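What follows is a single structure, written as structure tokens, with notes after it.
The values are calculated or read from the model by the stated rules, or taken from the named source; none is laboratory data. What you see is a predicted model, and the numbers here were worked out from it, not measured in a lab. When we count neighbours, we look across all protein chains shown, and the Cβ atoms used for this are built from the backbone with ideal geometry, even at glycine. What goes into the accessible areas is simple: the full protein's heavy atoms, side chains included, and nothing from ligands, DNA or RNA. Shrake-Rupley method; radii C 1.70, N 1.55, O 1.52, S 1.80 Å.
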Amino acid sequence: GGLSPETVRVPPFLPDTPEVRSDILDYHAEVERFDRDVGRLLEVLEAHGRAGETIVVMTSDNGFPFPRGKANLHDAGTRMPLVVRWPGAAKGGLVVDALVSHADFAPTFLEAAGAPVPGEVTGRSLVGLLSGKAGGDWREAVFTERERHANVRSGNLGYPARAVRTADLLYIRNFRPERWPAGDPEKWRSVGPFGDCDDGPSKRLLLERRE
């Protein structure tokens, strides 16, 4: 795809090796392929005259799918892409640095549809943020949690942890720090050794050079 390993930014928690750069480059290529597919979907909406009345939300179910990323409460695991296309409502080209959560999607869609938001909903509508009209009373923190990614510890044990993220600080509380955070070193039931971390060249490199 014309991408070069020399242009890859390796995060400081991974070793800067040719293998890791190539692994991240594959990830970038997948993102580009996804972008092309999204473009085709938007063309279909345009062709059917529905683009102007459709809210398109692109996001993820996890962060960076590498060691210390996905299935962790570090920023690399909980920071996700979020792009919204909403003709006539969302301000085009607007970049927002507010702390938002997937829990905000439900009240956003309900407000967009003109439906009442139930009182028990904990998320906040993003309509004000998307229009660029939100005031200064937006939330000061978001909360994240993890238990397990798969059955990868003896006895199907999890790794319970909770986190609070503000604009400046991240606090993570591990409630069972004596357990292996990424799963047992030997395969238990699924995935493989340290199975809460997906397999891949970067993980294999770390395991090969763990000593």
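Miscellaneous remarks
- Test result for Ala29, open to solvent by less than 60 Å² (accessible area, probe 1.4 Å), within 30 Å of Pro177 (Cα to Cα) and either assigned to a helix (DSSP H, G or I) or modelled with pLDDT of 95 or more (or both): no
- Residue-level check: of (1) over 27 Å from Val31 (Cα atoms); (2) of a type in the set (Ser, Thr, Tyr); (3) open to solvent by 30 Å² or more (accessible area, probe 1.4 Å), Tyr159 misses just (3).
- In summary, Ala115 fulfils each of the numbered conditions (1) within 29 Å of Phe34 (Cβ to Cβ); (2) modelled with pLDDT of 95 or more with the single exception of condition (1).
- Among the residues examined, Leu73 qualifies as in contact (Cβ under 8 Å) with a residue 60 or more places away in the chain and in contact with a strand residue (DSSP E or B) (Cβ under 9 Å, 6 or more places away or on another chain).
- Top-ranked residue in the stretch 107-123 [being open to solvent by 50 Å² or more (accessible area, probe 1.4 Å) and within 18 Å of Val56 (Cα to Cα); ranked as nearest to the chain's Cα centre (by Cα)]: Phe109
- All of Arg165, Arg153, Arg179, Arg173 fail the test of being in contact with a helix residue (DSSP H, G or I) (Cβ under 8 Å, 6 or more places away or on another chain) and at pLDDT 95 or above, apart from Arg165.
- Single residue of Asp16, Asp61 found to be modelled with pLDDT under 95, assigned to a loop (DSSP other than H, G, I, E, B), open to solvent by 50 Å² or more (accessible area, probe 1.4 Å) and not small (Gly, Ala, Ser): Asp61
- The residue pairs whose first member lies in the stretch 8-25 and is more than 11 Å from Phe66 (Cβ to Cβ), whose second member is among the β-branched types (Val, Ile, Thr) and open to solvent by 20 Å² or more (accessible area, probe 1.4 Å), and whose beta carbons are closer than 6 Å, counting only pairs six or more residues apart or on different chains, are Asp16/Val10.
- Residue ID - farthest from the chain's Cα centre (by Cα), chosen from residues in the stretch 138-155 that are open to solvent by less than 60 Å² (accessible area, probe 1.4 Å) and under 14 Å from Asp104 (Cα atoms): Trp138
- Of residues in the stretch 177-203 being without any contact (Cβ under 8 Å) to a residue 40 or more places away in the chain and among the basic types (Lys, Arg), the one surrounded by the most Cβ atoms within 10 Å (Cβ to Cβ): Arg179
- The lone criterion from (1) out of contact with any helix residue (DSSP H, G or I) (no Cβ under 9 Å at 6 or more places or on another chain); (2) of a type outside the set (Asp, Glu); (3) within 30 Å of Ile55 (Cα to Cα); (4) without any contact (Cβ under 8 Å) to a residue 12 or more places away in the chain left unmet by Pro116 is number (1).
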